[in-house]
Number of protein chains: 2
Amino acid sequence: MSFEPEALQAFVQRYLDTVAGGSADDIAALYTEDATLEDPVGGGEVHIGRQAIAGFYKGAASVELETELLTFRAGGHEAAFMFALTVSGAMRIEPIEVMTFDADGQITSMKAYWGEQNVTQL
Amino acid sequence: MSFEPEALQAFVQRYLDTVAGGSADDIAALYTEDATLEDPVGGGEVHIGRQAIAGFYKGAASVELETELLTFRAGGHEAAFMFALTVSGAMRIEPIEVMTFDADGQITSMKAYWGEQNVTQL
């Protein structure tokens, strides 16, 4: 299974747009039922399944989020990308994320690499 | 198992320095015996084991390589980073790579995300 880079980038852009403008359930709907999410990588917690993933994003529902794709790389049915996440106009985080997708373009796994050294107070 | 970001970045820098200045066997020695390597991701081939990995890097032994770390993210015992690879001063590739490390700092897996759209002729 393999996608054109443009298709993978469209999946990622849809995800970033939904993180910025959608509800936790909207974001979780982009994931498969049995997807996994680790954010941040090494944080000790892997969220398994769409319900757990919706719970993870609910924490972000009360703040204003902006997203901007900075760098994008495609590979087969996977994508690696860096983006900027601005939280309530007060904080900017620049993670590198890696995602895998199923044949329908739903996210089967997401891993976010970032730490406090990638957070800037605005 | 978890490393400080500085330790992970040092492992990655050692890898990039060895790619630029070492032999295929030098690079392969940074990997564990049973490590896996996929470069590019989606290319259809996963190299398994240090001998196969040395074979992969032998193809690069006849060209002059320069490497420069551009962006680095740490997470637990993993690292995600973007770097520039300059080949014989004629071509520049900017992959995003993801690596996992064992407790001794040896590479247990490497995945390189890039495609022809990330290659620039100089």
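The values are calculated or read from the model by the stated rules, or taken from the named source; none is laboratory data. Predicted model, so just to flag it, every value in this text is computed and none were measured. FYI the Cβ positions are ideal-geometry reconstructions off the backbone, even for glycines, and counts take in every protein chain you see. For accessibility, only protein heavy atoms count, side chains too; no ligands or nucleic acids. Shrake-Rupley method; radii C 1.70, N 1.55, O 1.52, S 1.80 Å.
Quick notes on this one:
- Looking only at segment B:90-105, and only at residues there that are over 19 Å from B:G42 (Cβ atoms) and of a type outside the set (G, A, S), the one that is most open to solvent (accessible area, probe 1.4 Å): B:D104
- Those helices (runs of 4 or more DSSP H) lying entirely in segment B:5-122 with at least 2 residues under 21 Å from A:F101 (Cα atoms) and at pLDDT 95 or above: none
- Residues in segment B:107-122 that are open to solvent by 50 Å² or more (accessible area, probe 1.4 Å) and either under 30 Å from B:S2 (Cα atoms) or without any contact (Cβ under 8 Å) to a residue 12 or more places away in the chain (or both): B:K111, B:W114, B:E116, B:Q117.
- Qualifying residue in segment B:23-40 (condition: open to solvent by 60 Å² or more (accessible area, probe 1.4 Å) and either of a type in the set (S, T, Y) or without any contact (Cβ under 8 Å) to a residue 12 or more places away in the chain (or both)): yes
- Residue in segment A:41-53 that is surrounded by the fewest Cβ atoms within 10 Å (Cβ to Cβ), counting only those that are out of contact with any helix residue (DSSP H, G or I) (no Cβ under 8 Å at 6 or more places or on another chain) and more than 14 Å from every other protein chain (Cβ to nearest Cβ): A:I48
- Scanning segment B:54-69 for residues that are under 18 Å from B:V12 (Cβ atoms) and either among the β-branched types (V, I, T) or open to solvent by 70 Å² or more (accessible area, probe 1.4 Å) (or both) yields B:E66, B:T67, B:E68.
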